[in-house]
Amino acid sequence: MATSHTAPRRRSSGLRTAIGLGALAEIVVYVLVASWIGLGWTILATLATSALGWALLARQGTKALGELRLRAEEHRAPGRALGDAGLVALGGLLMVLPGFLGDLLGLLCLLPATRALPRALITRGLLRRLPDRLRGPVYVRSTRTEPVAGPDQPFRAGPASRVIEGEVDPERTDP
């Protein structure tokens, strides 16, 4: 039982350490920039990057939400559009908060041309945390049945007109 409780604590401890080191790095960079260009210019640069963050968040956020809305209207899975909306939100938050390192990371998340890098890093981190049996392709054996008879069309049933029964075979590795 002790091992099940230590894994979540270890992860949250690592996250707290990473956040603490990130905050420390932000302070060091801020002090270095202030000593290089002066405190007044550093404060103005911080305000300017926050304003730029709000503008980029408004523009890219509107685009990302529009894409999500379009996919919902067309009854398509959100797919990458949902991930892009999350990255835009994260990027906007990083840009609005004071700090130059966060601004750089926020720009990577906000700009469509550079969004692939944080997406790949986050995907790789998430895949590492998944159990092996969920990482690769999942093969499903299924049996198709006849269409389900319903009432005389009082409503539109949608795309699910067949019942598929089957089971997941996690041991299968061939395509």
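For region 6-28, the candidate set comprises residues that are over 18 Å from ARG129 (Cα atoms) and of a type in the set (A, V, I, L, M); within that set, the residue that is modelled with the lowest pLDDT is ILE19. If I ask for residues that are open to solvent by less than 60 Å² (accessible area, probe 1.4 Å) and under 8 Å from the mean Cα position of the chain (by Cα), which ones from region 76-91 would you list? If the condition is that a residue be open to solvent by less than 60 Å² (accessible area, probe 1.4 Å) and under 8 Å from the mean Cα position of the chain (by Cα), then GLY83, ASP84, ALA85, GLY86, LEU87 are the ones that fit.
Okay, residues lined up against (1) surrounded by 10 or more Cβ atoms within 10 Å (Cβ to Cβ); (2) modelled with pLDDT of 75 or more; (3) under 30 Å from GLY92 (Cα atoms):
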residue: PRO118; (1), (2), (3): yes, yes, yes
residue: LEU121; (1), (2), (3): yes, yes, yes
residue: GLY125; (1), (2), (3): no, yes, yes
residue: ALA149; (1), (2), (3): no, no, no
residue: PRO159; (1), (2), (3): no, no, no
residue: PRO170; (1), (2), (3): yes, no, no
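Looking at region 132-143, can you tell me whether even one residue there is in a helix (DSSP H, G or I), acidic (Asp, Glu) and open to solvent by less than 70 Å² (accessible area, probe 1.4 Å)? No, because not a single residue in region 132-143 is in a helix (DSSP H, G or I), acidic (Asp, Glu) and open to solvent by less than 70 Å² (accessible area, probe 1.4 Å).
Residue-wise test of (1) in contact with an Asp or Glu (Cβ under 7 Å, 6 or more places away or on another chain); (2) more than 17 Å from ALA116 (Cβ to Cβ); (3) of a type outside the set (A, V, I, L, M, F, W, C).
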position: GLY66; (1), (2), (3): no, yes, yes
position: GLU73; (1), (2), (3): no, yes, yes
position: GLY83; (1), (2), (3): no, no, yes
position: LEU97; (1), (2), (3): no, yes, no
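Of all residues in region 130-140, one or more are at pLDDT 80 or above and of a type in the set (A, V, I, L, M, F, W, C).
Matching residues to (1) touching a residue at least 24 places away in the same chain (Cβ under 8 Å); (2) part of a helix (DSSP H, G or I); (3) within 20 Å of GLY99 (Cβ to Cβ):
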residue	(1), (2), (3)
ILE43	no, yes, yes
ALA48	no, yes, yes
THR62	no, yes, no
GLY66	no, yes, no
HIS75	yes, no, no
ASP84	yes, yes, no
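Set side by side, the residues THR46, THR42 differ, and just one is farther than 25 Å from LEU117 by Cα, surrounded by 16 or more Cβ atoms within 10 Å (Cβ to Cβ) and either modelled with pLDDT of 90 or more or not basic (Lys, Arg) (or both), which is THR42.
The values are calculated or read from the model by the stated rules, or taken from the named source; none is laboratory data. Small disclaimer: the values here were computed from a predicted structure and weren't measured. Cβ atoms come from the backbone with ideal geometry, glycine included; neighbour counts cover every protein chain shown. The protein model used for the area step is the full one, side chains on, heavy atoms only, and it has no ligands, DNA or RNA in it. Shrake-Rupley method; radii C 1.70, N 1.55, O 1.52, S 1.80 Å.
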